[in-house]
Amino acid sequence: MQALKELTSHMRERPIQLRQMKEAGTKIVGYFVGDYVPEEMIYASGAVPLCLCHGGDPMPANVALSATTRFLCPFSRAQYGERLLGEQAYYKLVDMLVDPITCQHLRRAGDLWDYYTDVPVFRLGIPHEYNGEDALNYYVEASRRLKTSLEELTGKPITDEALREAIDLYNRMRSLLKGISLTKQKPNPPITELEFIKLNHASMYADPVFMVEALESIYQEIKDKDGEAAAPDVPRLLLVSPNIAYGDYKILELVNEAEGMIVAEEICEGVRFYWENVKGDGDLVEAIARRNLKERLPCAFMRDSTMPRLDFISGLLKQFNAVGVIWYQLLYCDTYDIESFFFTKEMQRMGIPVLKLESDYDILDRGTLRTRIETFIETIRVR
Amino acid sequence: MKKFLELCGFEPAEIDAELPRIQKVFDMFGINQEDIERGKDRINKFWDPELKGLAKIRGLARRELVDTILAREENKINVCASLPSATTDILNAASFHSDNVRATYPDVLVLMVMGYLFDKLDPILEAAEEHFLRPGAAQCSLLQVRLGLNVLGLYPKCDLLMSMGSLCDALPKCDEALGLYFNIPVHYINCCQDRGADWEDLYRSKDFYTNEIKKAQKKVSEVVGFEVDNDKVNEARRIRRDAAIYANNIFDLVVNSDPVPMSAACLQYIRIFRAMPVGRKTQDGLNEANKLLFEEIQERVNRGVGVVEKGAPRILYAPLVSLADPSITNMIEELGIAIPLSEDSILVPDGELRPQMDERGRGEDPWEKVAYALIQRSIEASVPMRIRAITGAVKRYHLDGVLNLFHYSCRYFAGDPLILKDAVEKATGVPVMVLEGDMYDPRFYTAEQLRTRVEAFGEMLRAAKVAHK
Ligand code: SF4
Ligand code: SF4
């Protein structure tokens, strides 16, 4: 696929390109995952939005232990560990960090940046209530304060026109990712889940205009195609996870190796949420906030999020004709851990087997994970 | 049993009247003779048995627990909540107004009685571990207590659970799950933690929090069937005033005296009782008990009597003293370290004990004051503000060190201990010790296990004190 090759080369060049842009005066704004930071606004400010989402490697999570305790999840520790190690270009380039107040772990990662680095940290207030007007108003006001901070950083006002353009660009990106994802509904998907997630991850760091073009080409190329014929007994699976980080591919690889097929995902962080777009023409800051808080699926840290999440996941199972769920969570992710108990029981009631896996980014757990995944897939196969 | 109740400050007539109900609740919790003997030993060891005011407070905790647990079968409207105490005024207003309403923090009471006194939390924690708060996942033991009580059928019938979403996410998530499993109606009170180093951030939070508390007031009114209006709230505050004043006087005496006249664990009992809603009878008892206790402590101060010797190193204990297990602070005091202050008493910006009520915070609205006071607490503050508050307290109260025993299973408290250590040591020059512990589950982090490190800390504090002289 030519577009994929070009994207790969773009990603290789991207850190150098960003360094040059930074040297020429462009500001780089890093932010944490979860889709609550209005990246459209950062883009419209003329700064480069970078969604920091590396993980899966034990080293950055472990070096962060010099600054925090082991009871934060490995992903949130890695968000500071990467900066501390200084080996990952994206984390070094950041001029300002936007820390969305989502789960306590990521909030603390922002505190670590705030205390130990000289990067200014903007704490973006997100009330943990997705369906209330007061909460929305609070979030809108927080977004407006972010707008002011970005304007101060870049020295330029964010115009409605620029914001409208940015919204259109990111809406297009989300729609294309959705289109590509839906091709996995086919009996023989033209793209694997691992490939899809890697594309999604690329969208966090790539130039958004370039990314949209690449996604457009990829979508056109695969939308009417079928992939290689899968064996008839290959179980189609859904991946549910709080977090799949850039680099945390072990579960996806192991499922492939065990000849299972993940066909869809419900992932709160790490990948871009692409099911809903920003709608409306009035107050654009509010339109973005409304989409991020009210119109998309709430993460598990939100109040009363369990039932809507269960409904959404049940819908995905049907839509993608999946017969089992792999629930992958990170050690000490408290809210997902609480939810997993209820979720597993509800799925069992619906006759859907669930395999719950947990990781601390330790490479030594690969063997155990492999055995559990193989057994799970085998069990489904013989059902 | 009677002897034990006497140790809890019960008068003979009260014992005769209350015994059947107390026995019933103790039976429900499986409290047997062996537990009662252990309870007596613990009173002698941890409870300053000579303080009569304290004995009365122990008895009040017992009464409150009995009334709360039996509310299930006594057909009262029961509103349950938890710390932080944003709902205390509302719930007191409701329960003081009508005998038919019970409103309290059941899990806190269970910690105070089954944990602190009997050391019998294990069955409750184990029941939670069999359900959705599994072992090995560092799930908060405070929430395990709440879940365990529900699993065992010991949680009072609950017409409304006020869920505090102002600190962590685990608590509201746990309450959401309790709602799903046990059919409990849940109402959340949220606050956003986007505050940084600016005081301006507090105003923003205060407005949001105020509104959340008002929504809670409305919700409670719906559930209890009458309007819990501001008049009722003011009346409830009036009823609680004496207990609050004497509690504050006790805190002031303790922090300003050398030697420190009262143990940190006992002081925490008073602090928690001051913050939580209780029944009217308990409140009347508390007003008297706190007065008596204040007089006793004053008398101790006059005599120069303390729980550690005069001149002992004095520390700030962060974030808060356990309500379930007094053995750790007791061990610290046995090692000759005085704990006149814990972080949950101090406020931003500079470690004061009383909140700042400036023009923008005061307002006309009583709820605005509650919200403003709550978010000024150091333990609810942002990291930069927390650093300032602890630093301020160390300087203001001439403390020799800080001990941060963080609750390992709490994401809220487990993320920043090393930042606090670094910043406070740099700002004050006093040593800060960080210990990993569990505030509500005594099974794993025992006093004996922590003793060696605390001994070393004590030596460091004493050496620094000598060098300073
Ligand atoms: S994996 Fe869980 S704990 Fe970690 S950042 Fe995501 S939601 Fe928070
Ligand atoms: S101790 Fe921590 S985790 Fe537990 S309920 Fe309180 S804030 Fe939440």
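Just so it is clear, none of the values below were taken in a lab; they were calculated from the coordinates. Source: prediction; values computed, not measured. Neighbour counts run over all protein chains shown; Cβ positions are idealised from the backbone, glycine included.
Some notes on this structure:
- Stokes-Einstein D (µm²/s) once Rh is taken as the Kirkwood radius of segment B:258-356 over alpha-carbon pairs, at 25 °C in 0.890 mPa s: 167 µm²/s
- Take B:64-75, B:42-53 and order them by the average number of nearby Cβ atoms within 10 Å per residue, most first; the result is B:64-75, B:42-53.
- Highest-MSF residue in chain A out of A:SER76, A:SER359, A:SER66 [GNM, Cα springs under 10 Å]: A:SER66
- Modelled label positions at B:ASN32 and B:ILE245, each set 7 Å beyond Cα in the direction of Cβ, lie 4.9 nm from each other.
- Each other residue within a Cβ distance under 14 Å of A:GLY125 adds +1 if Lys or Arg and -1 if Asp or Glu, for a net charge of -2.
- Counting 0.36 nm for each residue step from B:LYS395 to B:ASP122 and taking away their Cα separation leaves a gain of 94.3 nm.
- Label point 7 Å beyond Cα of B:LYS465 along Cβ direction - residues of segment B:231-267 with amide nitrogen under 13 Å: B:258-260
- With R₀ set to 25 Å, the beta-carbon distance separating A:ASP283 from A:ASN131 gives a calculated FRET efficiency near 0.80.
- Listed by chain and number, the lysines whose alpha-carbon sits under 17 Å from that of A:LYS22, ignoring those within fewer than 8 places in the same chain, are A:LYS92, A:LYS156.
- The alpha-carbon of A:LYS186 sits under 16 angstrom from the alpha-carbons of these lysines, leaving out residues fewer than 8 places away in its chain: A:LYS178, A:LYS223, A:LYS225, A:LYS318.
- Inter-part distance where segment A:325-378 and segment B:330-347 are each reduced to a Cα centre, Å: 43 Å
- Mean separation of Cα contacts under 8 Å (6+ apart) over length of chain A, as relative contact order %: 19 percent
- Filter on A:LYS198/A:LYS250; B:LYS24/B:LYS45; B:LYS45/B:LYS291; B:LYS76/B:LYS157; A:LYS345/B:LYS173; A:LYS294/A:LYS356 - keep pairs with C-alpha separation over 19 Å: B:LYS24/B:LYS45; B:LYS45/B:LYS291; A:LYS294/A:LYS356
- Over all other residues within a Cβ to Cβ distance under 13 Å of B:LEU109, the charged ones net out to +2, with Lys and Arg as +1 and Asp and Glu as -1.
- Each of B:THR104, A:THR306 has some number of other Cβ atoms within 10 Å of its Cβ, and from fewest to most they run A:THR306, B:THR104.
- Length available on full extension from B:MET1 to B:HIS131: 0.36 nm per residue minus the Cα-Cα distance, which gives 43.4 nm.
- FRET efficiency, B:ALA17 to A:VAL119 (Cβ-Cβ, R0 51 Å, nearest 0.05): 0.20
- With the simple spin-label model, which puts each label point 7 Å out from Cα in the Cβ direction, the B:PHE182 to A:GLU295 separation comes to 3.9 nm.
- Remark: relative contact order (segment B:354-417) = 16 percent; criterion is Cα-Cα distance under 8 angstrom and separation of 6 or more residues.
- Efficiency of FRET between A:GLU216 and B:LYS426 - r from beta-carbon atoms, R0 60 angstrom, step 0.05: 0.65
- Cβ crowding within 10 Å, taken as a proxy for footprinting-reagent exposure, orders B:THR452, A:THR69 from fewest neighbours to most as B:THR452, A:THR69.
- Neighbour net charge for A:GLN2 - beta-carbon separation under 14 angstrom, K R +1, D E -1: -3
- Packing-based ranking, highest mean first, of B:88-94, B:331-337, A:231-237 given that Cβ atoms within 10 Å are counted: B:88-94, B:331-337, A:231-237
- Chain A: most fluctuating residue of A:GLU23, A:GLU253, A:GLU346 per GNM, C-alpha cutoff 10 Å: A:GLU23
- Sum of -39500 (n - 2.57) over DSSP H runs of 4+, divided by residues of chain A (222 nm, nearest 500): -16500 deg cm²/dmol
- Antiparallel DSSP beta bridges within the protein assembly as shown, as percent of all bridges there, nearest 5: 5 percent
- Derived scalar couplings between HN and Hα for segment B:433-439 equal 9, 10, 10, 8, x, 9, 7 Hz in order, rounded to whole Hz, by the Karplus curve 6.51 cos²θ - 1.76 cosθ + 1.60 (θ = phi - 60°), x for Gly and Pro.
- Applying a length cut-off of 18 Å (Cα extent along the axis) and a mean Kyte-Doolittle floor of -1.0 to the DSSP H helices of chain B leaves B:12-28, B:52-70, B:230-256, B:383-396, B:447-468.
- If the chain linking A:GLU374 and A:TYR249 were pulled fully straight, counting 0.36 nm for each residue of separation and taking away their Cα-Cα distance, it would gain 43.4 nm.
- Candidates A:ALA64, A:ALA229, A:ALA214: whichever shows maximal mean-square fluctuation once chain A is modelled as a Gaussian network with Cα springs under 10 Å: A:ALA229
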